[in-house]
Amino acid sequence: METFANDIEFRPAEEIKAFQEQLLQKALHYLAGHSAYYRRMFDRCEIRIDQIRHIEDLVKIPFTEKKDLQLFNEEFLCCPREKVIDYVTTSGTLGDPVTFGCTELDLQRLAYNEKKSFACAGLRPGNIVQLMTTLDKRFMAGLAYFLGIRELGASVIRVGNGIPELQWDTIRRLKPDTIMCVPSFILRLIQYAEEHDIDYRRSSIRRIIGIGEGLREQDFSLNLLGQRIREKWDVQLFATYSSTEMGATFSECEYGCGGHIHPELIIVEIIGPDNLPVADGEYGEIVVTTLGVEGMPLLRFRTGDIAAKRTEPCRCGRHSFRLTPLVGRKHNMIKLKGTTLYPPALNDVLDNTAYVENYVVVVEESEAGTDRVIVRIGLKYSPEFDAVKDLKDRFRSRIRVAPEIELLPVEEIRRINFPVKSRKPVKFIDNRK
């Protein structure tokens, strides 16, 4: 892998492409030699890997989908099982989780990826990062962050998620300068601080790196969640995008104009409804081919996430392209009263309404076959005005249409948000056929 002193991200775009195509050849030969799943695919589809020489040639290869990982999980493993030193899981489309086996080389690759991503967000040796994410429950991300911070030479405080009291006590005692967590949790931290007379604005925190939720609009301005955090707390905000399957992270730099790709770790295609690549700048589904993975490399994996490439050089000097903030997930698209939208647009309104404690968005088919959207909400307090009318007005001003709204007890919503065995809060339920 490239060293930072000779980082491929800062090379001209044509050099980056040629570099990736060399790694693609290595990846294809590795799959042909070690993957039972891809050997069968190559034979079935009569694919000659020596003819896949350029990134444009990838269209000759079928996609890999999450259901393939579930149905043929063991066939994706490219090494003897005794080489696997860490097992992680991610959610699956057929109900059961998908298992990934990581070798020592894969964990080194994860550490390198996160080291580069943290450096992109301005971290250096000497910084202190408070991790508000779990390292257990077979979760790859928390482990990756820990390994990357170590590799970078910064300090890490492994607090885990939730428990505002413990988070603030740790900040007071150890004085980290950086927080890494789900952005909406920052609002809970601020609320706790205000309720307990903690002068959070004068704390040691100078930087927040967000995971799992967006902080920006498509023009890279802060979304409502980002604005609300910034209005309360004058800190640097960095958004990231990652997934277990691709074993890579796209992190913003200081200019906040999209997540930078690490070309030595991943090839990214943006695919339109016709399953062909779209023009740069157009939106489509993110499809990834992993590079340098030993245990379970993937070829043309459909993430289901919708974004666009930004190819103009960034002011930070990197020439590798960037991804826009996610628009949403392909299979979660909603057509409400003629308007196409994705759950993050609804979340953005709800996360920034002061009297909303928690919520879940449910999508069903109406009798007419159209999408019916019900937002079930638990109130933090009862406002003096009609909360349902106010929420509908907020939705109309933001997304032009208003879903149905039901008010339920906070505890009832909490049970839906945090089902047994779930590692992530459930805020969206799709009951459509």
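Taking only pairs that are 8 or more places apart or on different chains, how many Lys pairs in region 333-430 have Cα atoms under 22 angstrom apart?
Final tally of qualifying lysine pairs is 12.
Pairs of alpha-carbon atoms within less than 8 angstrom and 6+ residues apart define the contacts here; what relative contact order does region 39-185 have, in percent? Please report the intermediate quantities before stating the final value.
Numbers: 176 pairs, mean separation 27.4, N = 147.
It comes to 19 percent, rounded to a whole number.
Go through region 289-372 and name the trypsin sites (Lys or Arg not before Pro) that are in a DSSP coil and have 13 or fewer other Cβ atoms within 10 Å of their Cβ. Could the numbers behind the result be given before it?
Working: sites: Arg300, Arg302, Lys309, Arg310, Arg315, Arg318, Arg322, Arg329, Lys330, Lys335, Lys337, Arg372; in loops: Arg300, Arg315, Arg318, Lys337.
Listed in order of number, the matching sites are Arg315, Lys337.
Just to confirm the filter: which GluC sites (Glu not before Pro) across region 15-73 are DSSP coil and have at most 16 other Cβ within 10 angstrom of their Cβ? Write out the running numbers ahead of the final one.
Working: sites: Glu15, Glu21, Glu46, Glu56, Glu65; in loops: Glu46, Glu65.
Those satisfying the criteria are Glu46, Glu65.
Taking the simple approach of a point 7 Å from Cα along Cα-to-Cβ for both Lys67 and Glu282, what is their distance in nm?
2.6 nm
Sketch the reach of a paramagnetic label on Leu105 as a point 7 Å from Cα along Cα-to-Cβ, and name the residues of region 46-71 whose backbone nitrogen lies under 20 Å away.
Only 49-50 pass the distance filter.
With label points built 7 Å along Cα→Cβ from the Cα atoms of Asp86 and Ser221, find their separation and express it in nm.
So the label points at Asp86 and Ser221 sit 4.0 nm apart.
Using label points projected 7 Å from each Cα along Cα→Cβ, tell me how many nm separate Ala32 and Thr340, to one decimal.
3.8 nm
Just to be sure I understand: of the beta bridges DSSP finds with both ends in the chain, what percent are antiparallel, rounded to 5? All intermediate terms of the calculation are to be shown ahead of the outcome.
Working: 42 of 65 bridges.
Counting only bridges with both partners in the chain, antiparallel ones make up about 65 percent.
Counting other beta carbons within 10 Å of each residue's own, what order do His196, His262, His319 fall into, fewest first? Write down the numbers at each step before the final one.
On the way: His196 11, His262 23, His319 18.
Starting with the residue having the fewest Cβ neighbours, the order is His196, His319, His262.
Using Cα pairs closer than 8 Å and at least 6 residues apart in sequence, work out the relative contact order for the chain, in percent.
It comes to 12 percent, rounded to a whole number.
Between Lys17 and Phe418, what length in nm is gained on full extension when 0.36 nm per residue of separation is reduced by their alpha carbon distance? Can you show the working numbers first?
Values: separation 401, 0.36 × 401 = 144.36 nm, distance 4.32 nm.
Taking Lys17 through Phe418 to full extension adds about 140.0 nm, to one decimal.
Excluding residues fewer than 8 places away in the same chain, name every one of the aspartates and glutamates whose C-alpha is closer than 12 Å to that of Lys330.
Glu285, Asp305
Taking the Cβ of Gly369 as the centre, find all other residues whose Cβ is under 13 Å away and add up their charges (Lys, Arg: +1; Asp, Glu: -1). Provide the component values of the computation, followed by the final result.
On the way: positive: Lys335, Arg372, Arg432, Lys433; negative: Glu364, Glu365, Glu367, Asp371.
Spelling it out: positives minus negatives among the neighbours equals 0.
What's the longest uninterrupted piece of the chain once you rule out the chymotrypsin sites (Phe, Trp or Tyr not before Pro) that are loop residues per DSSP with at most 16 other Cβ within 10 Å?
Numbers: sites that count: Phe63, Phe72, Tyr255, Tyr355, Tyr381, Phe385.
Here the longest run is 73-254.
Read the figures in this text as sums done on the coordinates, not as results from a lab. This one's a predicted model, so the numbers in the text were calculated from it and none came from an experiment. When we count neighbours, we look across all protein chains shown, and the Cβ atoms used for this are built from the backbone with ideal geometry, even at glycine.
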